[in-house]
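None of the figures in this text is laboratory data; all of them are computed from the coordinates on show. Model, not experiment: these values are computed from the prediction. Glycine also receives a Cβ, built like all others from the backbone with ideal geometry; neighbour counts cover every protein chain displayed.
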Amino acid sequence: MTELVEEERVTFPGAVPPHRTRTVSSDGLGIAVHEWGDEGAPPVMVAHGGFDFARTFDVFAPLIAAGGWRVVAWDHRGHGDSEHAHLSSWDADVRDAMAVFDSTGPGPLAVIGHSKGGALMLQLAESCPHRISRLVNIDGMPSPRPHPDVADHQRTRLMASELSGWLDSRRTAASAQRKPGTLDELAQRRARMNPRLSHEWLRYLVSVGARHDVDGWRWKIDPTMRMGGFGPWRNSWSLERLSGLAMPMIGLLGLIPEQMGWGTEPDELAPYLPPGGRLVAYEDTGHFVHIERTAEVAELVLDFLGSPR
Amino acid sequence: MTSPVRLTHARASLALHTIRSATDARAGHPLLLLHGLGERTPATLPLGYETWPGAVYGLDFMGHGDSTIPLGGGYTCELLMADADAALAHVGPATIAGRGLGAYVALLIAGGRPDLVLGAILLDGPGLAGGGPVPGSPSVIAVNPAHGAPPDPFALAELTRDPRPPDYATNFARQVTHLSPVADPIAVCAVGRPPWLEAVVAEPGVVVSSLAEALETYAAGV
């Protein structure tokens, strides 16, 4: 069922749709780009987190644009309005980001990244330091803590279940579809991952991040994607690179643990910060710092970015 | 070799080739060959496999041979493991022999489907080492956009950079040795020993053997 029905208008205080949208080709794959602010203003690039999409910045981005910036956000492959790819990987996401950078300007650009988007931008900052002038990482800083250890026997059983579950999902991926529902039902489902965000906000996100088919609303995100996953990557590898960054950097941490959060503690991260790097920790705040404390974070980010001219 | 069977893995179409049919109806389970990085399924039965009594299949990984070349890359060995799982879904329980990259994927899928992989044979070949035990300095790779023929240059670039930590590989090896119904379910025939394979060889239940010995052992079944 892919037939669309007329969009339902949902509003949220302060939410502003992008002023411009465009598509960038990343080696042939269509990446949807959303922009707020004066097209001639200096760009600031904004990267969303995993299972999010660019329009989760519909309240935050206009505040940055009001500070004199051209805010350029994009949907990662398989997310939002970007094309659903055959394959997805961390390196491919970084490459897609570079395609958006290249489409925006050749010089160094200021960057804001949330969660996975923040971590992707840390990798981009190390691989292409000439392309990033300033870096804001919102609750996407690596944690030096290793995963809780488990006995080998338990590890084997745990891994068996994870692996077979993941392989089973790949076997059925060709026919996978997101589960349809009412706008409120999708908002309630998302609340399991975003328990601190209001129903009104999540309802708004459905209206811009889902499509309305004849049998109900479905999230646009690639149905072959699934939470979790596994691979050889270690947090320590990202952490060891952090101290080598030379551009001004600020990290924002929400201290209330959440399912989507990374659990990074300021004290354990501080020794790995690059010279001049700064951490700001928010008590009573979860993983979505820029949504829970939008105005406060926007003010801090604008101060950090400095004058756009 | 006849026209390949088309398998589906998510949005990709994979080519599964029948290299040789079973020598007789009672020949037992099949053998699945996984090629090395940049290679494709061989057109004829390679040297050394003549003694295998069952059917012999070969899978072209995504971006290789007659399988789909995806837009914009994004290769990981874990996704190729799911390619191999699509082949197992079609041929049923099988012994797997992998070359280079295919050897590493054989280890992964043997850990992921210990009930379906009746012995994993790890052989030398292109892409055996991957990117080494830890990642090198990150970079953003670029490929020739005009290149439209297999192998996909993204596969060649990405699957020579992927880190393969020894303890990650041994987790899969332990998965296989603990859960497989086959005695000594991993046979290492490779002479090359990148760190991940050196660690796997040291695991109990992993044997070092010739290809002929491994084929004979696994053809005998569980």
**Prompt:** Who wins for biggest fluctuation among A:Trp233, A:Trp217, A:Trp69 in a Gaussian network model of chain A, springs between alpha carbons below 10 Å?
**Reply:** A:Trp233
**Fill in**
Placing each pseudo-label 7 Å from Cα in the direction of the beta carbon, A:His130 and A:Glu200 end up separated by a distance in nanometres of 4.9
**When the convex hull of its Cα atoms is projected in every direction, mean area for chain A (nm²)** = 16.2
**Item:** Within chain A: Cβ-based charge dipole about Cα centre, in debye rounded to nearest 20 (Lys, Arg +1; Asp, Glu -1)
**Value:** 420
**Prompt:** Along the charge dipole of the range B:115-211, which of B:Leu122, B:His178, B:Ala142 sits closest to the positive end, that is, farthest toward it, with unit charges on the beta carbon of Lys, Arg, Asp and Glu (+1, +1, -1, -1)?
**Reply:** B:Ala142
**Asked** If a helix is a whole DSSP H run, which ones in chain B reach 15 Å or further along their own axis (Cα) and hold a mean Kyte-Doolittle hydropathy of at least -0.5?
**Response** B:77-91, B:101-112
**Prompt:** From the Cα gyration tensor of the range A:163-309, with a ≥ b ≥ c the square roots of its eigenvalues, which class applies: rounded if a/c is under 1.5, or else prolate if a/b is larger than b/c, or else oblate?
**Reply:** oblate
**Message:** Using Cα springs under 10 Å in a Gaussian network model of chain A, which residue among A:Glu292, A:Glu283, A:Glu185 shows the largest mean-square fluctuation?
**Reply:** A:Glu283
**Request:** State to the nearest 20 debye the size of the charge dipole of chain B about its Cα centre, where the only charges are +1 on K and R beta carbons and -1 on D and E beta carbons.
**Result:** 260
**Fill in**
Contour minus Cα-Cα span, A:Ala41 to A:Ala246, at 0.36 nm per residue, comes to 71.3 nm
**Prompt:** For the range B:30-172, what are the per-bin percents of Cα-Cα distances with bins 10 Å wide, up to the bin holding the maximum?
**Reply:** 12, 44, 33, 10, 1
**Prompt:** If you average 1/r over every pair of different alpha-carbon atoms in the range A:95-207 and take one over that average, what Kirkwood value in Å do you get?
**Reply:** 18.2
**Message:** Can you compute the modelled spin-label distance between A:Arg20 and B:Leu45, with each label point 7 Å from Cα toward Cβ, in nm?
**Reply:** 6.4
**Fill in**
With x for Gly and Pro, the residue-by-residue ³J(HN,Hα) of the range A:30-36, computed from phi through the Karplus equation 6.51 cos²θ - 1.76 cosθ + 1.60 at θ = phi - 60° and given in whole Hz, is x, 10, 7, 10, 10, 10, 10
**Item:** Calculated diffusion of the protein assembly as shown, Stokes-Einstein form, Kirkwood radius summed over Cα pairs, 10 °C and 1.306 mPa s, µm²/s
**Value:** 65
**Fill in**
In Å³ per residue, the alpha-carbon convex hull of the range B:109-177 encloses 118
